[in-house]
Amino acid sequence: MLLIECPYCGERPELEFVYGGQAHIARPQNAPDLSAQAWSDYLYQRDNTKGIHAERWRHTHGCGRFFNALRDTTTDHFIAIYKVGEAAPAALKTRKVAL
Amino acid sequence: MNGALRVDAGGRINRARPLRFTFDGHELTGFEGDTLASALLANGVHLVGRSFKYHRPRGILAAGSEEPNALVAVRRDDARYTPNLRATQVELYDGLEAHSQNRWPSLSFDIGAVNDLLSPFIPAGFYYKTFMWPRSAWKSLYEPRIRAAAGLGESPTQADPDRYSNRYVHCDVLVVGAGPAGLAAASAAADVGARVILCDEQSELGGSLLGEPDGARAPQIEGERASAWLTQTIDTLTRNPRVSLLPRTTAFGYFPHNLVGLNQRLTDHLANPHPDSPRERQWQVRAQEVVLATGAIERPLVFPGNDRPGILLAAAARTYVNRYGVIPGSRAVVITACDEAYRAALDLHDAGVFIATIADVRAQAYGPLAERARRAGLPVQTLTTLVGTSGRLRVNAVQLARIGDDGKVIDGVQTMPCDLVLMSGGFTPSVHLFSQSRGKLAWDDKAQSFVPAQSAERVRSAGSCRGTFALAAVLEDGASAGSAAAGDAGFANTARRPAVPAADPAIGAYAGALPQPGESTGHKAFIDWQNDVTTRDLALATREGFRSIEHIKRYTTTGMATDQGKTSNLNALGFVSRQLDKPIPEVGLTTFRMPYTPVTFGAFAGFARGDLFDPTRTTPTHDWAARNGAVFEDVSLWKRARYFPRNGEAMHAAVARECLAVRKGCGIFDASTLGKIEVVGKDAVTFMNRMYVNAWTSLAVGRSRYGVLLRDDGFIYDDGVVARTAEDRFHVTTTTGGAARVLAMMEDFVQTEWPDLSVWLTSTTEQWAVIAVQGPHARRVLEGLVEGIDISAQAMPHMSVAPGRICGVPMLLFRVSFTGELGFEVNVPADFGLAVWEAIHAAGQQHGITPYGTEAMHVLRAEKGYIIVGQETDGTVTPDDAGLAWAIGKSKPDFVGKRSLQRPAMAAADRKQLVGLFTADSQVVLDEGTQVMLERDQRPPVRPLGHVTSSYYSPVLSRSIALALVAGGRARMGEALYVSTPNGDVPVQVTSPVFYDSEGARLNG
Ligand SMILES: [Zn+2]
């Protein structure tokens, strides 16, 4: 069970959280005009990172807030926790959805 | 023979406290401080079980938790019957009842032993190769037979009546293992003020020190005998309030972020456990720093016939003599590749055991221990291997052979009678927990073992679990690990070191099979005792092309028993390495998984069983429904009244009566479980337009609409009536099971996609009691109760919503129907739900008001073709598939799922569409989930057109009805299709999914 530091509440056990998948995948603003390929990429294509992964968590059984985290998938250690809307800390390459 | 096989004094048993116990019904005696294994050996019992596959007679190999052979069942009563316990870990208590396993009719004469003779026909991969065909025979024939013939213990026949508790705890330093390294580490950390937990799987703290001789031959620590140092060290730790000592506590798993699972056995060692005491306690320890002092396990040697009773690990025999005062045999042969065996030989010699010879496979044995053995007059033969053993139920002789300078075995064997064989292939560091923590291992050539290298967590290893074996070095290693751990946890790092004289270093280790003559003796050489895996099995696997150790493991099952290969993995690796002619590090290592030793299921369940297994949610009218005879069903966590049988009615009769009451008079139904979300804010309507498919801008205050929610993949996720109660406020209802996930999805969009929207979401599911009053008389029932609202057909048409009061309490009244009849849903604060329900029920008596349950609700809605999300939908159903395309706001620029609905495949004519089915025989009720087919009695493979999603008997229509998803269904109206039933395929006619009142006249009444 991971220990996760909610940016609003502090360190809490994983039981209080729900995983939210890969971070920084914004829903396209112009969804109805997107090509099938671009829409499919948005819907279904996710990284399967070995190493540092930007991901979303929600403190469901706490403040209810979503936030982002960088986690090393080889060790499960968190490298950074940051709020929704903030850029991932440097040195991380995030995949952009082709628009 | 009671007590005959004990030394007169010494050891950690209490000779003043004899304990009676039985083994397979034989009454025996041991002493307080004994394990079942030591007590059996003291009674001369070496044969304790039969092996898994070949039913070979097996004895006690080890003295600790690594024991692969001596698995027994301990019985207190029919429910308290624990199979597969290691006799080496079962503490003796007065009256203990133990049974051997895997034998019939008796341990000494076991019919299943014929498997041993048949073994040429049961090679590795036998199951995979032999029982392939026919497929049906696997379940009916092969599996039951294999299960009856193989396998170990039997399950208890009754539910576990014991209690199990659990505890979460934080500490600065967790020390796993209370041998010399662990004690030194815990002391060092405790000395500087750290909160320390020290756990050990054994009944006493002390680890390997417990197996050392006392008195003149005792090892010295800090100028005193090890036993005295042990007593004093434990005493100091016990008096420190910041230290928790947990004996009988196994660290079974290492989880991320330094969470370590401990399983503490509280009562298994007691003759009469207190009835209120939990049997076990599971600890979840979150430690700042962890010190692993888990020790090392002696490695057996692999030679033909190495599994006979009477063949023990050398260090285990030493423990039996020194700790338990047991003499495990009278005439011993020692076979070794490690100096430690000389120590065992010396201790046994001192206890009066005749050492016939010490056979050392190495060319040289000139370490201090070997010299001491020679000085004591013990015969030592180097370059000697063991090529065979004899003795049916206990070893009675061994065959030794010389190894030439070329490493090959020289012809000619020397037979040596004995009743005890001690073997040592060196020690394997216990890196299980370290490896579970994702730490990296490195190969240590000297110890022929993997040792911890790179930590992934805040963990360090100390002592023999990292290949440090000499006592002095172990103590120093433990103390410095404890100091460093405390330092990293924020305390002073004072390198405290106990002063110990230099001890004999243990040198030598062996991985693989001992050299054998070219001619095979035909005897099995076991690598994995518990799963009966031999050198021949591993050789077969490599011959058949297996290269990866992970594949070889699965093919041969080596290391896959409950002992997880504690004694076998390194020998398997060594053997395979030689077969493949690749160094061991290149062969690789299999994954270590939790639990270290088996853990009782009850310990994981803890208090979460029976009534506490899951929370139960009840509605405000629950007790009323129970009093009125309701039969409940579980809907997610809710208890919902399914039907209200009267006078012993069967379910179908009660449901028919309830349905007709709603159609002809009036019914009352508790709909409180519907999810309710209040969507509030100046952007509430924008938010709703983006989330739901419907157009919300045009919805007037005081009106409601059926809303459909998709995922972005275009498939239906949820549905429900949504009312606009103010310009900036929507009362959104969801399905009962979907309430939480719909709110989570909304929150996701609000927080992460559209943070610019001014909108707030609040779950109000449990704040409202919802009482549905449905049927032609519904208005008359409510007329006298409702205050402040004109509920006439003109003033309050279908789908209108109005605030008011009822019975003096505030109310939100919906004119809404899930039955197709004139209907209302009375929403009142939950605390008033029961009183209002009772008032409506009383007022409805003159109109024949009838409480109905979820079953009647299902029938009534199916008669109207109303879908239930999760029943008519399965995550692949679009609004159009379900006949709900009309709900979509066509002019909206976007909503969740819109882009996906534009995909050509989503409009394909052959998509499965919701239709009704009428069986040709109106009284046949189809099974839900059954396939719908184009033709009758097709031969497989059959490609079905779809499946039945809902099926009921409709009382008002006096016939069966069914909803189905059928490919191109709407174009098949009137067509005849077929649905399978237990009595064969039956014809059905495709029809509209609306079976009753398709014009909606009753709804608008
Ligand atoms: Zn929080």
Only one of B:Ala356, B:Ala376 is surrounded by fewer than 18 Cβ atoms within 10 Å (Cβ to Cβ), small (Gly, Ala, Ser) and modelled with pLDDT of 95 or more, namely B:Ala376
Number of the condition not met by B:Phe434 [criteria: (1) in contact with a Cys (Cβ under 8 Å, 6 or more places away or on another chain); (2) aromatic (Phe, Trp, Tyr); (3) surrounded by fewer than 24 Cβ atoms within 10 Å (Cβ to Cβ)]:
(3)
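Give me a count of the residues in region B:392-408 that are closer than 27 Å to B:Asp116 by Cα and at pLDDT 95 or above. Can you show your working first?
From region B:392-408, those closer than 27 Å to B:Asp116 by Cα are B:392-401; that's our starting set.
From what is left, the residues that are at pLDDT 95 or above are B:394-401.
Of the residues in region B:392-408, 8 are closer than 27 Å to B:Asp116 by Cα and at pLDDT 95 or above.
Could you tell me which residue of region B:74-90 is surrounded by the fewest Cβ atoms within 10 Å (Cβ to Cβ), considering only residues that are more than 22 Å from the chain's Cα centre (by Cα) and closer than 23 Å to B:Gly565 by Cα? Even if it seems obvious, please write down each step before you answer.
Within region B:74-90, the subset more than 22 Å from the chain's Cα centre (by Cα) is B:74-78, B:87-90.
After this cut, where a residue has to be closer than 23 Å to B:Gly565 by Cα as well, the list is B:87-90.
Numbers: B:Ala87: 27, B:Thr88: 24, B:Gln89: 24, B:Val90: 22.
So the residue we want is B:Val90.
Looking at region B:800-830 only, could you name the residues that are in a strand (DSSP E or B) and β-branched (Val, Ile, Thr)? If you could, list the steps in order and put the result at the bottom.
First, the residues of region B:800-830 that are in a strand (DSSP E or B): B:800-806, B:809-815, B:823-829.
Answer for region B:800-830, where residues must be in a strand (DSSP E or B) and β-branched (Val, Ile, Thr): B:Val801, B:Ile806, B:Val809, B:Val826, B:Val828.
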Extreme residue, nearest to the other protein chains (Cβ to nearest Cβ), among residues of region B:886-921 that are assigned to a helix (DSSP H, G or I) and open to solvent by 30 Å² or more (accessible area, probe 1.4 Å):
B:Lys898
Going by the structure shown, is B:Val770 touching an Asp or Glu at 6+ places or on another chain (Cβ under 6 Å) and assigned to a helix (DSSP H, G or I)?
no
Scanning region B:300-309 residue by residue, those part of a loop (DSSP other than H, G, I, E, B) and under 36 Å from the mean Cα position of the chain (by Cα) turn out to be B:Pro300, B:Leu301, B:Asn306, B:Asp307, B:Arg308, B:Pro309
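Name the one entry in B:Pro755, B:Pro803 that is open to solvent by 30 Å² or more (accessible area, probe 1.4 Å) and away from chain A (no Cβ under 14 Å). Don't jump to the end; show me each part of the working.
On the way: B:Pro755 fails: away from chain A (no Cβ under 14 Å).
Answer to the check: B:Pro803.
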All positions within region B:323-380 that are in a loop (DSSP other than H, G, I, E, B) and aliphatic (A, V, I, L, M):
B:Ile327, B:Ala337, B:Ala351, B:Val353, B:Val361, B:Ala363, B:Ala365, B:Ala376, B:Leu378
Can you run down the residue pairs with Cβ atoms below 9 Å, 6 or more apart or on separate chains, where the first is in region B:340-369 and closer than 11 Å to B:Gly508 by Cα and the partner is buried (at least 21 other Cβ atoms within 10 Å of the Cβ) and aromatic (Phe, Trp, Tyr)?
B:Glu340/B:Phe427; B:Glu340/B:Phe469; B:Asp360/B:Tyr342; B:Val361/B:Tyr510; B:Arg362/B:Tyr510; B:Ala365/B:Tyr342; B:Gly367/B:Tyr342
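I need the strands (runs of 3 or more DSSP E) fully contained in region A:1-65, keeping only those with at least 1 residues that are within 16 Å of the ligand (Cβ to nearest atom), surrounded by fewer than 19 Cβ atoms within 10 Å (Cβ to Cβ) and on the phi > 0 side of the Ramachandran plot. Steps first, please.
Numbers: elements: A:3-6, A:10-13, A:18-22, A:52-58.
Of the strands (runs of 3 or more DSSP E) lying wholly inside region A:1-65, those with at least 1 residues that are within 16 Å of the ligand (Cβ to nearest atom), surrounded by fewer than 19 Cβ atoms within 10 Å (Cβ to Cβ) and on the phi > 0 side of the Ramachandran plot span A:10-13.
It is to be established whether one or more residues within region B:922-933 are touching a residue at least 60 places away in the same chain (Cβ under 8 Å), in the same structural domain as B:Val988 (by TED's automatic domain parsing) and either surrounded by 14 or more Cβ atoms within 10 Å (Cβ to Cβ) or among the charged types (D, E, K, R) (or both). Break it down stepwise before answering.
The initial filter retains those residues of region B:922-933 that are touching a residue at least 60 places away in the same chain (Cβ under 8 Å), namely B:924, B:926.
Okay, now just the ones that are also in the same structural domain as B:Val988 (by TED's automatic domain parsing), so B:924, B:926.
Filter again for either surrounded by 14 or more Cβ atoms within 10 Å (Cβ to Cβ) or among the charged types (D, E, K, R) (or both), leaving B:924, B:926.
Yes - at least one qualifying residue is present in region B:922-933.
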Failed criterion for A:Phe78 (all others in (1) away from the ligand (no atom under 12 Å from the Cβ); (2) over 30 Å from B:Pro904 (Cβ atoms); (3) more than 12 Å from chain B (Cβ to nearest Cβ) hold):
(3)
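So, B:Ala315, is that one open to solvent by 10 Å² or more (accessible area, probe 1.4 Å), part of a strand (DSSP E or B) and not assigned by TED's automatic domain parsing to the domain that holds B:Pro256 or not? Working first, answer last.
Working: open to solvent by 10 Å² or more (accessible area, probe 1.4 Å): yes; part of a strand (DSSP E or B): no; not assigned by TED's automatic domain parsing to the domain that holds B:Pro256: yes.
Considered against the rule, which asks whether it is open to solvent by 10 Å² or more (accessible area, probe 1.4 Å), part of a strand (DSSP E or B) and not assigned by TED's automatic domain parsing to the domain that holds B:Pro256, B:Ala315 comes out as no.
Does B:Gly211 satisfy the criteria of being under 27 Å from the mean Cα position of the chain (by Cα) and open to solvent by less than 40 Å² (accessible area, probe 1.4 Å)?
For B:Gly211, the condition - under 27 Å from the mean Cα position of the chain (by Cα) and open to solvent by less than 40 Å² (accessible area, probe 1.4 Å) - is not met.
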Out of the residues in region B:258-290 that are within 13 Å of chain A (Cβ to nearest Cβ) and open to solvent by 30 Å² or more (accessible area, probe 1.4 Å), which is farthest from B:Arg76 (Cα to Cα)?
B:Gln288
Could you give me the residue pairs with C-beta distances under 7 Å whose first residue belongs to region A:1-22 and is among the polar types (S, T, N, Q), whose second residue is more than 9 Å from the ligand (Cβ to nearest atom) wherever it lies, and which are 6+ apart or on separate chains?
A:Gln22/A:Arg46; A:Gln22/A:Asp47; A:Gln22/A:Ala54; A:Gln22/A:Glu55
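The values are calculated or read from the model by the stated rules, or taken from the named source; none is laboratory data. All of these numbers come straight from a predicted model, not from anything done at the bench. All Cβ positions, even for glycine, are placed from backbone atoms using ideal geometry, and neighbour counts span all protein chains on display. Ligands, DNA and RNA are excluded from the accessible area calculation, which covers all protein heavy atoms including side chains. Shrake-Rupley method; radii C 1.70, N 1.55, O 1.52, S 1.80 Å.
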